[in-house]
Amino acid sequence: MTIAKFDSMKYKITAGELELSFDALRDFNGAKAAKGTVSATVNPPIFPGLGAFQASDVFFQPNDTTSHLLFAEQVVIDPVSGNEQRQAVLLLVSDDDAEIRSAFLGVGSGLYPANDHSLEVKEWDAVKKIFKANFTLRADYGSPSTLLSDGKIDLRY
């Protein structure tokens with residue numbers, strides 16, 4: 001049994017599949033991009049020969065009065081198909097205790113809930129608008145599951 005939490009509501013999943021999609025262009029339309037980097041090691045690689053995640057677009061925005069949403073996307077050329085592909089990290093971070101409320105791995109237009117994650121905040125200054133942290137997450141994408149490790153966040157938002 002898996003319990004998923006979306007928009008502050010919990011869903012109990014006992015059989016079947018849950019498929020989500022996230023339209024970054026629509027959902028972040030008009031949002032100001034953060035300056036800085038989000039990177040991680042991807043194991044096993046989602047796209048053959050590409051074991052590194054290096055975000056090309058990063059947004060770090062207030063989600064509500066108690067949390068921030070980090071969306072970091074990498075646009076890559078799939079070395080096998082030659083097509084443009086996307087992989088992304090989504091983290092909902094609590095403002096109160098700087099813990100991850102929920103985390104997702106994005107591949108293409110699909111989102112995969114992280115079943116294990118950690119966040120170690122190095123610096124978060126709301127006045128200077130600086131957010132620096134280390135992270136890991138494991139999501140059930142592929143077999144074995146995909147692990148993003150040695151994750152680094154270094155942003156000015």
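The values are calculated or read from the model by the stated rules, or taken from the named source; none is laboratory data. As the structure is a prediction and not an experimental result, all values here were calculated from the model. Cβ: placed from backbone, ideal geometry, glycine included. Neighbour counts: every protein chain shown.
Out of Arg138, Arg156, report the one residue that is modelled with pLDDT of 95 or more and surrounded by 14 or more Cβ atoms within 10 Å (Cβ to Cβ).
On the way: Arg156 fails: surrounded by 14 or more Cβ atoms within 10 Å (Cβ to Cβ).
Only one candidate qualifies: Arg138.
If you take just the strands (runs of 3 or more DSSP E) that sit entirely in region 32-75, which of them hold at least 3 residues that are under 19 Å from Tyr141 (Cβ atoms)?
Numbers: elements: 35-43, 52-54, 57-62.
Once the strands (runs of 3 or more DSSP E) in region 32-75 are filtered for at least 3 residues that are under 19 Å from Tyr141 (Cβ atoms), what remains is 35-43, 52-54.
Just checking, which of Asp116, Asp57 is free of Cβ contacts under 8 Å to residues at least 60 places away in the same chain, on the phi < 0 side of the Ramachandran plot, within 13 Å of the chain's Cα centre (by Cα) and loosely packed, with under 14 Cβ neighbours inside 10 Å? Walk me through how you get there before you give the answer.
On the way: Asp57 fails: loosely packed, with under 14 Cβ neighbours inside 10 Å.
Of Asp116, Asp57, the one residue that is free of Cβ contacts under 8 Å to residues at least 60 places away in the same chain, on the phi < 0 side of the Ramachandran plot, within 13 Å of the chain's Cα centre (by Cα) and loosely packed, with under 14 Cβ neighbours inside 10 Å is Asp116.
Would you pick out the residues in region 11-68 that are closer than 18 Å to Pro113 by Cβ, at pLDDT below 90 and of a type in the set (S, T, N, Q)?
Thr14, Ser21
Of the residues Leu148, Leu111, Leu91, only one is part of a strand (DSSP E or B), modelled with pLDDT under 95 and surrounded by 14 or more Cβ atoms within 10 Å (Cβ to Cβ); which? Before you say what the answer is, go through the steps one by one.
Details: Leu148 fails: modelled with pLDDT under 95; Leu91 fails: modelled with pLDDT under 95.
Matching residue, one of Leu148, Leu111, Leu91: Leu111.
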